[in-house]
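Colleague: Structure below; questions to follow.
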Amino acid sequence: MARMRTLLSVVRLTVDPALNARRDLAFAAGIEIISTILSVAGPYSLKLLIDRMAAGDISFALLTGLVLIFVLTMATGAVSALRAVHVQRIIDAVHARLVEQVVSERLSNLATSRDDDSMRVAGLLERLPFSLQIVIDGLLWRVAPLIAQTCLCLLVIAWLTPPFYALLMAFIIILYGAATWVGARWHRKNADVANTAIGNSSRLLADVLRNARRVVHNGALGLELDRISQKMTARRMTNEALSWSLVRLSLLQFVAIGLGLLWLLVLSGQDVSAGRMTVGDFVLLQAFATRLLLPLAGFGFIMSQASVAMATIEDVLARIGGARRAVPPDLPDRAPAHIRVDKVSHAYDDLPVLRDICFSIPAGSFAALVGANGSGKSTLAQIMAGAIQPDSGKVSVSGRDMQTIPLEWRHRHILYVPQFVGLLNRSLGENALYPPSQHEESELVQLLEAWNFYEPGRTIDLSRPVGELGERLSGGQIQKLELARISGIDVPALILDESSSALDPAAEAKIVLELRARMAGRTTLVAISHRASVAAMADQVVFLERGRVAAVGLHADLLASSASYRDLWNRDAGPEQ
Ligand SMILES: Nc1ncnc2c1ncn2[C@@H]1O[C@H](COP(=O)(O)OP(=O)(O)O)[C@@H](O)[C@H]1O
Ligand SMILES: [Mg+2]
């Protein structure tokens with residue numbers, strides 16, 4: 001039933017007017033109709049030819065016409081190639097559409113849930129074109145013409161030969177259908193297992209390839225190869241099970257068709273020898289039987305591929321939600337935001353991370369969020385920016401509940417810069433000018449030079465590639481690039497999650513001060529930091545301890561009033577305070 005729904009969804013996708021594939025659909029259907037008519041007319045012309053020739057009653061024109069029709073029916077290769085041109089266009093259009101939908105849907109989910117699904121999605125999308133090819137071209141586009149051909153052939157048989165033969169053919173086809181249904185049920189289970197195994201191995205491969213340095217430089221190549229080999233063995237075994245279930249399916253189909261054909265041959269042979277049937281009728285019957293039943297026998301292979309392909313398509317469809325979201329709602333004022341955190345609590349599964357957090361950050365001020373590792377700073381920052389929904393409590397930005405703003409527009413109110421910045425594998429310039437930055441190139445280069453992005457004397461070339469995840473840059477350079485980008489953004493509030501932690505303390509102080517000055521009057525700034533120098537610059541420090549607000553105030557005041565605050569700096573920052 002689920003598979004039928006998937007097939008219907010695929011059909012709906014192909015006929016969707018938005019796909020702009022209706023012309024191709026019409027052409028392909030036209031070609032298919034012509035070939036169906038020819039496939040029925042071919043055996044009929046052969047029958048006429050034989051019967052008329054046997055009776056010695058045939059004109060030259062009729063002879064030529066009949067031979068021509070019969071020869072034309074042999075041109076199936078050219079006809080199906082012509083049809084394939086149009087079907088391929090339809091498949092490509094459906095593929096492009098699905099990729100766009102999955103990416104737009106999954107990116108939002110991946111960004112908020114941080115699950116480990118990205119590699120699976122990538123593998124899935126890679127397998128998608130092949131799966132669509134199998135289902136649309138191999139299955140759907142063959143089933144409908146086959147049904148039409150079957151009905152036409154049965155009609156012609158019923159018209160020209162004793163009705164018993166039409167009934168017999170119909171019976172064989174029903175027997176074949178039943179055998180296929182039983183075989184396909186076994187096969188389907190194996191197909192689902194095989195699809196999971198394929199997904200697992202491609203996910204592992206992508207993960208290992210992406211972490212090549214970590215693997216090789218730690219001498220773990222052998223270990224990873226073993227792991228890959230295990231997954232590949234699992235994949236081979238599931239494929240083997242799949243092949244065997246295909247053998248069973250094909251055998252069942254063969255038994256149904258083989259027995260049926262034998263029966264047909266024997267009975268019609270007897271009828272010819274008893275004079276109840278002409279040789280032409282006999283040939284017609286056999287031609288229809290082989291024409292209809294032999295392609296059915298080959299259908300098992302398509303079905304076997306189709307089960308895996310359908311599982312892939314089902315997986316893809318399950319990742320597509322509803323319609324695309326609408327255009328941006330009301331945009332925030334250009335004024336800096338006032339942020340209020342009100343009784344926020346949050347747990348990851350059963351691990352409580354934040355408890356009853358309350359504080360507020362006045363518009364345009366600079367707040368530092370500090371606390372030991374694991375105290376919940378990053379979680380709180382993401383809740384403030386609306387990237388995580390808290391279990392209870394709320395965050396409001398200039399009086400508006402963050403959760404009431406659509407997910408993809410929350411960054412227009414509060415922009416969160418995550419702790420680990422992974423750059424796109426593009427040029428320095430493309431990364432540094434990434435939206436919503438509005439920098440001019442020259443301004444950006446000036447800033448990077450002033451921040452000593454490279455060692456003195458080396459010029460900044462924005463066209464240089466940064467490598468995968470920015471691997472060609474140092475941790476400090478990645479942070480400088482990101483901070484330079486951020487400084488070109490106009491947003492009511494900005495949260496930096498340890499965004500300057502890899503810089504040396506002097507560079508960090510200079511850059512934070514500069515950012516502060518650039519954003520004065522337009523952005524409320526929140527910085528998560530482990531540096532006392534940053535806390536000392538802040539208008540307000542929010543000190544988190546084991547998921548609770550332990551103290552709020554000026555750095556100097558907290559140092560004087562809170563022993564655990566003093567401990568934090570003594571433990572983490574040593575003499576730096
Ligand atoms: N996505 C997550 N799933 C499960 N636990 C998490 C997740 N993110 C963070 N944690 C856990 O929540 C706690 C707080 O993490 P975090 O907010 O990152 O702290 P901080 O930024 O202060 O170091 C840590 O114990 C961390 O392991
Ligand atoms: Mg953190």
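The values are calculated or read from the model by the stated rules, or taken from the named source; none is laboratory data. Predicted model, so just to flag it, every value in this text is computed and none were measured. Neighbour counts are summed over all protein chains in view; Cβ atoms, including those assigned to glycine, are modelled from backbone coordinates with ideal geometry.
Colleague: Checking the conditions here, which among V85, V40 is farther than 26 Å from F282 by Cα and of a type outside the set (D, E)?
Modeller: V85
For (1) surrounded by fewer than 14 Cβ atoms within 10 Å (Cβ to Cβ); (2) assigned to a loop (DSSP other than H, G, I, E, B); (3) out of contact with any Lys or Arg (no Cβ under 8 Å at 6 or more places or on another chain), each residue gets a yes or a no:
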residue	(1), (2), (3)
G429	no, no, yes
S442	yes, no, yes
L447	no, no, yes
L462	no, yes, yes
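Colleague: Related question: Here are R571, R546: which of them is away from ligand 2 (no atom under 16 Å from the Cβ) and not β-branched (V, I, T)?
Modeller: Testing whether each residue is away from ligand 2 (no atom under 16 Å from the Cβ) and not β-branched (V, I, T) leaves just R571.
Colleague: Cβ-Cβ below 8 Å, separation at least six or inter-chain, first residue in the stretch 142-169 and within 13 Å of A287 (Cα to Cα) and without any contact (Cβ under 8 Å) to a residue 24 or more places away in the chain, second assigned to a helix (DSSP H, G or I) and hydrophobic (A, V, I, L, M, F, W, C): which pairs?
Modeller: From residues that are within 13 Å of A287 (Cα to Cα) and without any contact (Cβ under 8 Å) to a residue 24 or more places away in the chain, the pairs are L154/A166; L154/M169; L154/A170.
Colleague: Among V534, V526, which is within 37 Å of the chain's Cα centre (by Cα) and in the same structural domain as A432 (by TED's automatic domain parsing)?
Modeller: Among V534, V526, only V526 is within 37 Å of the chain's Cα centre (by Cα) and in the same structural domain as A432 (by TED's automatic domain parsing).
Colleague: Additional query: Looking only at the stretch 353-381, how many residues end up being in contact with a helix residue (DSSP H, G or I) (Cβ under 7 Å, 6 or more places away or on another chain) and within 16 Å of ligand 2 (Cβ to nearest atom)?
Modeller: Result for the stretch 353-381: 8.
Colleague: Kindly establish whether V216 is farther than 30 Å from V266 by Cα and part of a helix (DSSP H, G or I).
Modeller: When the stated conditions are applied, V216 passes them.
Colleague: When both residues are 6+ apart or on different chains and their Cβ atoms are under 8 Å apart, which pairs have a first residue that lies in the stretch 360-383 and is β-branched (V, I, T), and a second that is more than 7 Å from ligand 1 (Cβ to nearest atom) and outside any strand (DSSP E or B)?
Modeller: I361/H338; V370/S529; V370/H530; V370/A535; V370/L568; T379/I388; I383/Q389; I383/P390
Colleague: Kindly indicate whether any position in the stretch 412-420 is of a type in the set (F, W, Y) and assigned to a loop (DSSP other than H, G, I, E, B).
Modeller: Scanning the stretch 412-420, I find at least one residue that is of a type in the set (F, W, Y) and assigned to a loop (DSSP other than H, G, I, E, B), so the answer is yes.
Colleague: Could you list all residues from the stretch 246-294 that are modelled with pLDDT under 85 and loosely packed, with under 14 Cβ neighbours inside 10 Å?
Modeller: Listed by number, the residues that qualify are T290, L294.
Colleague: Residues being in a loop (DSSP other than H, G, I, E, B) and under 14 Å from C358 (Cα atoms): count how many of those fall in the stretch 382-409.
Modeller: Adding up the residues that qualify gives 1.
Colleague: Hey, among the residues in the stretch 489-507 that are within 21 Å of A363 (Cβ to Cβ) and in a loop (DSSP other than H, G, I, E, B), which one's farthest from ligand 2 (Cβ to nearest atom)?
Modeller: D490
Colleague: For L66, which of the numbered conditions (1) within 30 Å of L128 (Cβ to Cβ); (2) free of Cβ contacts under 8 Å to residues at least 24 places away in the same chain; (3) buried (at least 16 other Cβ atoms within 10 Å of the Cβ) fails to hold?
Modeller: (1)
Colleague: Same structure, new question: Select from the stretch 364-411 the residues that are surrounded by fewer than 17 Cβ atoms within 10 Å (Cβ to Cβ) and away from ligand 1 (no atom under 16 Å from the Cβ) and list them in ascending order.
Modeller: If the condition is that a residue be surrounded by fewer than 17 Cβ atoms within 10 Å (Cβ to Cβ) and away from ligand 1 (no atom under 16 Å from the Cβ), then S365, S392, K394, G399, R400, D401, Q403, T404, P406, L407, E408, W409 are the ones that fit.
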